[in-house]
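Structure first, commentary second.
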Amino acid sequence: MIKGNFIPINFLGLDENSSRFETSKVVILPVPFERTVSFGRGTSRGPSSIIYSSRCLELYDDELGCEPYTCGVHTLAELECGSVDPAHMVSAVSEACSQLLGLNKFIITLGGEHSITLGAIKGHKTRFKDFSVLNLDAHCDLRDSYEGTPFNHACVMRRVLEEGYNVVEVGIRSYSKEEAEFIKGNKNLKVIHAREIFKSKNQEWMDEVISSLLPQVYISVDLDVFDPSFVPSTGTPEPGGLGWYDVTELIKTVFKKRKVIGFDIMELAPASGIVGPDVLAAKLAYKAIGYKFSKK
């Protein structure tokens, strides 16, 4: 169904019995698209690096007390869209997600640049009518257009808002004057700055996030939400970011209190000799699987 280059290893290095498409509840959709990056490059290698790095993960999750992979995790071929323009990429990702959702799969999309998320959300719109978008990011990505295209990675959440969804952004610490003015006038947008999280007591910020979300939620993680000490390998790193437990505790809480309908991880730009960020991204994907399907 998905045409493209096969990555010669399954996510987590799973054998065929644990990764058959027909019986797997989860599908990993790699989208190596990189056309509108504006600083550091290399996000097209992100999906394959995450999948290769996942081999080093323990299958047992000590937090959840189970092996989440037993729900079945199938790794798809890379989606062919590297040579197309961003608008066509969005359509291709949307169509792929729509087909997979029609087969009752939970999709984890791996990018690639953040503009991919728009396609994934459009695809989920064909199956789920009302949902919030939770965007974990250093940047608002609310520009109307950037570097000649409205489908730039710096515009993705602006396009999502135009689809009619409410958006909650967490970890924000960099945006333009144009975006600041847009934030003030948009009732469908909630922004939680990284500095608010740093100053917050007793997880008040997390309660604010949860209360802003509809019963169904799509989660997008731009890896630059993490502090560069955790993830230096991203196209536009920003100091003052979140830590591992900030992110995983939030995601776990959202999975517990809301129905999460889809999940993506974007903007890994693998760097030679630095494997930590690749492993972090792989473990984050595995955590999402555990939070979705474990009974704990």
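The values are calculated or read from the model by the stated rules, or taken from the named source; none is laboratory data. Bear in mind the structure is a predicted one, so any value in this text is a computation, not a measurement. Backbone-built Cβ (ideal geometry, glycine too); neighbour counts: all protein chains shown.
Can PHE226 be described as more than 16 Å from ASN135 (Cα to Cα) and among the aromatic types (Phe, Trp, Tyr)?
No; evaluated as a whole, the condition is false for this residue.
Do you know which of the residues in region 141-188 that are under 20 Å from LEU213 (Cβ atoms) and more than 21 Å from the chain's Cα centre (by Cα) is surrounded by the fewest Cβ atoms within 10 Å (Cβ to Cβ)?
Looking at residues that are under 20 Å from LEU213 (Cβ atoms) and more than 21 Å from the chain's Cα centre (by Cα), I get LYS187.
What number goes with the only condition from (1) small (Gly, Ala, Ser); (2) touching a Leu at 6+ places or on another chain (Cβ under 6 Å); (3) free of Cβ contacts under 8 Å to residues at least 24 places away in the same chain that GLY273 does not pass?
So the condition that GLY273 fails would be (2).
Just name the residue that is farthest from the chain's Cα centre (by Cα) out of those in region 198-236 that are under 21 Å from LEU280 (Cα atoms) and of a type in the set (A, V, I, L, M).
Filtering first and then ranking leaves VAL231.
Inside region 112-153, can you point out the residues that are part of a helix (DSSP H, G or I) and hydroxyl-bearing (Ser, Thr, Tyr)?
Within region 112-153, just THR117 meets the criteria.
One line per residue, one yes/no per condition, for (1) exposed (fewer than 14 other Cβ atoms within 10 Å of the Cβ); (2) at pLDDT 95 or above:
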{"residue": "ARG55", "(1), (2)": "no, yes"}
{"residue": "ASP61", "(1), (2)": "no, yes"}
{"residue": "LEU64", "(1), (2)": "no, yes"}
{"residue": "VAL84", "(1), (2)": "no, no"}
{"residue": "HIS88", "(1), (2)": "yes, no"}
{"residue": "VAL93", "(1), (2)": "no, yes"}
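Within region 97-129, track down each residue that is touching a Leu at 6+ places or on another chain (Cβ under 6 Å) and either over 20 Å from ILE251 (Cβ atoms) or among the acidic types (Asp, Glu) (or both).
Listed by number, the list holds a single entry, ARG127.
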